[in-house]
1. What Kirkwood hydrodynamic radius, in Å, does the chain give when the mean of 1/r is taken over all pairs of distinct Cα atoms and then inverted?
2. Considering only DSSP beta bridges whose two residues both sit in the chain, what percent are antiparallel, to the nearest 5?
3. Which of the peptides 73-79, 280-286 is most tightly packed, and how do the rest follow, judged by the mean count of other Cβ atoms within 10 Å per residue?
4. What do you get for the angle between helix 178-195 and the principal long axis of the chain? Use alpha-carbon atoms, 0 to 90 degrees, nearest ten.
5. Starting from the Cα gyration tensor of the range 160-217, take the square roots of the eigenvalues, sort them a ≥ b ≥ c, and report rounded, prolate or oblate (rounded when a/c is under 1.5, otherwise prolate if a/b is larger than b/c, else oblate).
6. Go through 271-278, 166-173 and give me the packing order, highest mean Cβ count within 10 Å leading.
7. Which of Leu23, Val188, Ile256 sits farthest toward the positive end of the charge dipole of the chain, with +1 on the Cβ of Lys and Arg and -1 on the Cβ of Asp and Glu?
8. Given a cut-off of under 8 Å on Cα pairs at least six residues apart, what relative contact order in percent is computed for the chain?
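The numbers here are math on the coordinates, done by the rules we state, and not lab data. These numbers were taken from a predicted model, which means no experiment stands behind them. Here the Cβ is made from the backbone with ideal geometry for all residues, glycine too, and neighbour counts use every protein chain on show.
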Amino acid sequence: MSAHVVDVPCASKDYQVHVGRGLVDEVGPIVGSLLGTPECCIVSDDTVDALYGDRVQSSLAGAGIEAPRITFPAGERNKRLATLETILERIASHEMDRKGVVVAVGGGVTGDMGGLAAALYLRGCRLVQVPTSLLAMVDSSVGGKTAVDLAAGKNLCGAFLQPEVVIADVETLSTLPASQLTDGCGEVIKHGVLADEVLFERLAASPINSAGHDLDELADVVARNVEIKRDVVAADEREQGVRQMLNLGHTIGHAIEAASGFVLGHGASVAVGLCCIARASAAEGWCAADVPGRIEACVAAYGLPTDTDIDHDTLMGYLAHDKKRSAAGYSVVIPRRIGEVELRRVSPEAMRSLVDAGCGTSR
Ligand SMILES: NC(=O)c1ccc[n+]([C@@H]2O[C@H](COP(=O)([O-])OP(=O)(O)OC[C@H]3O[C@@H](n4cnc5c(N)ncnc54)[C@H](O)[C@@H]3O)[C@@H](O)[C@H]2O)c1
Ligand SMILES: [Zn+2]
């Protein structure tokens with residue numbers, strides 16, 4: 001049964017995030033008690049459908065909800081308009097009405113595409129998120145951002161739609177490939193550095209990606225991460241101000257991810273980006289001298305990389321295309337200490353100094 005329920009108050013909608021064990025079998029009762037017996041479609045990639053589709057479908061059936069399953073091939077390369085069109089046509093073929101619910105069961109790709117399908121179908125129906133990857137639980141399922149990729153870049157075509165409820169069953173993480181679990185830890189460590197020194201110390205002392213890690217403790221950590229994301233998102237639903245703080249580690253991280261040809265995972269890239277910006281911040285005197293070492297030790301304990309050997313001209317080339325860059329320069333999130341960050345406006349020249357001071361310096 002559910003161990004944690006986190007309230008997420010947003011300007012457009014208040015909703016709850018349930019985090020616990022065995023919740024895949026509670027999707028029906030939770031959706032039923034909240035929404036009655038709406039028409040539903042379950043959207044999943046083929047990998048997650050094979051693992052959890054039957055259980056989610058029978059749980060909904062037990063609550064009197066007949067929900068057909070719509071699947072698409074797993075993988076980021078399928079997070080495209082063509083796949084979205086297929087999903088929308090399938091939803092339409094089931095004649096779902098405007099009160100209908102898309103139940104997105106899967107990782108961040110499924111949440112993003114199921115979410116965008118819900119935002120678009122009949123100009124907007126309803127969405128339930130059932131995240132099954134660590135990244136989806138602590139990041140993408142909360143906050144209401146949905147998107148598909150364009151040839152011009154990732155997540156360039158999307159919409160905001162807050163879910164009715166998020167149901168995160170940490171037991172599903174036992175089937176997640178270890179590399180995906182570890183990659184998701186990059187965002188988890190980021191949350192600790194961003195807002196919670198106690199969480200950070202706990203993560204450093206007992207890596208949540210270690211074999212046989214206690215699932216109840218994992219549920220605690222996921223719930224705390226959801227609270228941290230909630231606190232930022234609730235204050236700034238449409239990313240006009242404080243939500244930018246979630247970008248900690250991402251400015252340099254995105255450049256490293258792109259420069260690697262997306263071979264290095266997003267979470268691993270964020271982990272490197274965190275270490276780089278911490279080293280650069282210490283060099284500038286913007287944070288305490290021990291901050292980079294503490295972050296590096298934590299990142300290394302997860303088997304995630306702490307530095308990059310990509311040359312700085314290449315990194316600056318990718319930084320010049322940063323979506324969040326403006327004519328005046330970059331907004332960079334600086335760790336002032338573990339658990340507290342600040343946003344700094346940085347000129348392109350100063351950005352180069354940060355890259356020089358932070359990247360390729362620990363090897
Ligand atoms: N909307 C947002 O706010 C937001 C935030 C961060 C990231 N994202 C997006 O999230 C995506 C990345 O999410 P992801 O890392 O979860 O990728 P993903 O959805 O592709 O999942 C990774 C892989 O793990 C598999 N998988 C998922 N859950 C599983 C389970 N329990 N057992 C076995 N296999 C499982 C999937 O089939 C897939 O092959 C990116 O597209 C990114 O842009 C969105
Ligand atoms: Zn991220």
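1. Values: mean 1/r = 0.0484 Å⁻¹.
Evaluated over the chain, this radius sits at 20.7 Å.
2. Approximately 50 percent, going by the DSSP bridge assignments.
3. Descending packing order for the listed peptides: 280-286, 73-79.
4. Between helix and principal axis, roughly 70 degrees.
5. Details: a/c = 1.79, a/b = 1.13, b/c = 1.57.
It is oblate, given that a/c is not under 1.5 and a/b is not larger than b/c.
6. Values: 271-278: 29.2, 166-173: 24.9.
Final packing ranking: 271-278, 166-173.
7. Ile256
8. Details: 739 pairs, mean separation 53.6, N = 363.
Averaging sequence separation for qualifying contacts and normalising by length gives 15 percent for the chain.
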